[in-house]
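In what follows, a structure is listed as structure tokens, so that the remarks can point back to it.
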Amino acid sequence: MRKSSWNVWLGAAALLLALPLAAQQTAKEADKEAGTHDQYEKLLRKSGNHEILHRLEGTWRAENLKTLIYGPKEVIMKDTLEAKLIYDGNFLETHFAQELGGINKGTTIMGYNGADKHFWRLFLNADPRGTWSTGVYVRSKDALVFRGQEHDPVSGDSFEKREVYTFGPDKDKFHFELFYEFADGSELEVVDGDYTRVKTAPPPQ
């Protein structure tokens, strides 16, 4: 075998090893290895992980949210969240309205993927980039922690975005933190504050 052919074979073998297992599966193998309806149902149906997301359902208000998002100087803003469960309770859709001079509106959608065994969060607002994050529930801290990459369109740099929802001290409160972590390990806390559930008055008798 010529040296060039040997190099091509080695390159192809290395690529094959580097591919995830699913990418090496043929259509015939996928059909043969497909699970039953009950197996899929068991893995993907709502679970205790969905119940964690359900704890965030409702209307929430933060009166003193510290933020550095809009400049190097810390400012205080207010935020209102309207969170509702959608598609049979599989996802949590939240609409937010931040008050700082004007009103900044946006939407987040959260879910739990039973196949990948992780939470996920999609953040959307007037910025066309959006942010996709994956998360875990840290039981010892009773907190949901999401991590995702964000890119600066001006500098071209990227950094990790970390969002932490810490539940408590009761079911009507949670603490929220947003951090940016950079390549050298340094981090910047850009949002910090407490949310309280807004309870609606019962209808008159």
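The values are calculated or read from the model by the stated rules, or taken from the named source; none is laboratory data. What you see is a predicted model, and the numbers here were worked out from it, not measured in a lab. Cβ: placed from backbone, ideal geometry, glycine included. Neighbour counts: every protein chain shown.
When the residues of the range 61-86 are filtered to those that are of a type in the set (Ser, Thr, Tyr) and at pLDDT below 95, the one that is farthest from the chain's Cα centre (by Cα) is Tyr70. With respect to being touching a strand residue (DSSP E or B) at 6+ places or on another chain (Cβ under 9 Å), in contact (Cβ under 8 Å) with a residue 60 or more places away in the chain and farther than 23 Å from His54 by Cα, Glu99 falls outside the description. Looking across the range 97-142, just one residue is in contact with an Asp or Glu (Cβ under 6 Å, 6 or more places away or on another chain) and modelled with pLDDT of 95 or more, and that is Ile109.
A single member of Thr134, Thr108, Thr200, Thr196 is polar (S, T, N, Q) and surrounded by 15 or more Cβ atoms within 10 Å (Cβ to Cβ), and it is Thr108. The set of residues in the range 160-186 that are farther than 27 Å from Ala83 by Cβ and either polar (S, T, N, Q) or in contact with a Phe, Trp or Tyr (Cβ under 6 Å, 6 or more places away or on another chain) (or both) comprises Phe182, Ser186. Of the numbered criteria (1) more than 20 Å from the chain's Cα centre (by Cα); (2) at pLDDT 85 or above; (3) on the phi > 0 side of the Ramachandran plot, the one Gly58 fails is (1).
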